[in-house]
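Let me begin by presenting the structure, written as structure tokens, before commenting on it.
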Amino acid sequence: MCDSTFPALGPDAPQSCSDVSTPNNNGKLDCRTSESYGGYDNIGASWGKYKIRGGSTRYNGTKTRVERFFNKLSQENNTNTILTGRFRIYDLSDGNTCIIQSHAGGQIMKGVEAGKTNRSAQFLLYARKSGSQIVLETHVTTNPYTTDSGGSRTALQLKTINYGQEYTFRYETGYNSSNTAFSFIKVGGTERSITHNHTTQRVYTRYGAYGTSDTGDVTAHIQFKDINLCRN
């Protein structure tokens, strides 16, 4: 079953721009960026454009973002969401920009920091400059960020890609047969599987453009098409 309805924005999500009337991409738009540069637009009949400008401004404590997100998945054995589509990257700042991520929410049911309330992403796919090319990295939370404490993540290089080139992707997240949280990312022919060291009550997926450098080159521009989020 694939999602055709999307969640409402929370009360703590200050928005700086609105969605177009009929977006090419699925998901609820979360837009927090400079109106003079950023936002979402359709490109032709199939592509969606996500542009952000960074700086010292914070939006309810977070960096600039133009992302889409989907309804949550509640913890249950052998359940997952599968996000598929295509992307191409035209511009990156002097810092990292996240293009796909999953947020784990609610109480941590087992694993590291069990019993505490999670407050951050469990998986992020970041893009960063590397000379004339782009390095994609997976960032996985290994010490959960909770309402009581900060946390930490482990970053690993996934692959090197080219500016302006189109890549297929598949991102799965959910709960395995042991009711343990997992993620799986595939970009082109490169893939990585992750069994998370903490499992929460729910999880949901976002994609688009999140975060840039605060100084120097502070803009990023990502495009997506053929986006679907389906559930098993």
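The values are calculated or read from the model by the stated rules, or taken from the named source; none is laboratory data. Keep in mind that what you see is a predicted model, and the values were worked out from it rather than measured. Note: ideal-geometry Cβ built from the backbone for every residue, glycine included; neighbour counts use all protein chains shown. These area figures cover heavy atoms from the full protein model, side chains too; ligands, DNA and RNA do not enter into them. Shrake-Rupley method; radii C 1.70, N 1.55, O 1.52, S 1.80 Å.
Among Val187, Thr142, Asn78, whose Cα lies farthest out toward the positive end of the dipole of segment 2-231, if unit charges sit on the beta carbon of Lys, Arg (+1) and Asp, Glu (-1)? Positive-most Cα among the choices belongs to Asn78. Here Lys159 is the anchor, and the aspartates and glutamates within straight C-alpha reach of less than 15 Å, apart from those fewer than 8 places off in the same chain, are Glu137, Glu191. Per residue, the accessible area of segment 165-219 comes to 37 Å², computed with a 1.4 Å probe over protein heavy atoms only. Largest GNM mean-square fluctuation across Asp30, Asp91, Asp12, computed for the chain with C-alpha springs under 10 Å, falls on Asp12. When the solvent-accessible area of the chain is split by element, carbon and sulfur atoms take up 43 percent of it, the probe being 1.4 Å. Of Tyr175, Tyr167, Tyr40, which has the largest mean-square fluctuation in a 10 Å C-alpha GNM of the chain? Residue with maximal mean-square fluctuation among Tyr175, Tyr167, Tyr40: Tyr167.
Note on segment 99-171: along the principal axes its Cα atoms extend 44, 22, 16 Å, ordered by decreasing extent. In plain terms, the chain from Ala114 to Asp41 could stretch by 22.2 nm, reckoned as 0.36 nm per residue minus the Cα-Cα distance.
Exposed loop GluC sites (Glu not before Pro) only (DSSP loop, at most 15 other Cβ atoms within 10 Å): please give the longest stretch of the chain free of them, not including the sites. In the chain, the maximal stretch lacking such sites is 77-165. For the chain, taking a cut-off of 4.7 Å between Cβ atoms, the unpaired cysteines are Cys98. Relative to one another, the C-alpha centroids of segment 57-85 and segment 86-110 are positioned 8 Å apart.
In this structure the amide hydrogen of Arg53, modeled in the peptide plane, comes within under 5 Å of the amide hydrogens of Ser34, Gly38, none closer than 5 places in sequence on its chain.
If you look at the Cα atoms of the chain, you get an Rg and a Dmax of 16.7, 48 Å. For segment 1-120, the convex hull spanned by the alpha carbon atoms encloses 155 Å³ per residue.
Mean separation of Cα pairs under 8 Å and 6 or more residues apart, divided by the residue count, gives the chain a relative contact order of 30 percent. Residues considered: Ser74, Ser149, Ser102. Largest GNM mean-square fluctuation over the chain, using C-alpha springs under 10 Å, is found at Ser149.
The alpha-carbon atoms of segment 22-71, seen along their principal axes, cover 35, 27, 11 angstrom, with the largest extent given first. Simple spin-label estimate for Asn179 and Lys72 gives 1.7 nm between the two label positions (7 Å along the Cα-to-Cβ direction from each Cα). Dipole magnitude for the chain: computed about the Cα centre from +1 point charges on Lys and Arg Cβ and -1 point charges on Asp and Glu Cβ, it is near 200 debye. In order along segment 179-185, the phi-based Karplus estimate (6.51 cos²θ - 1.76 cosθ + 1.60, θ = phi - 60°) of 3J(HN,Hα) comes to 6, 9, 5, 9, 9, 9, 10 Hz; Gly and Pro are listed as x. Label segment 47-107 by shape, choosing from rounded, prolate and oblate, from the square roots a ≥ b ≥ c of the eigenvalues of the Cα gyration tensor; if a/c is under 1.5 it is rounded, and otherwise prolate applies when a/b is larger than b/c, oblate when it is not. It is oblate, given that a/c is not under 1.5 and a/b is not larger than b/c.
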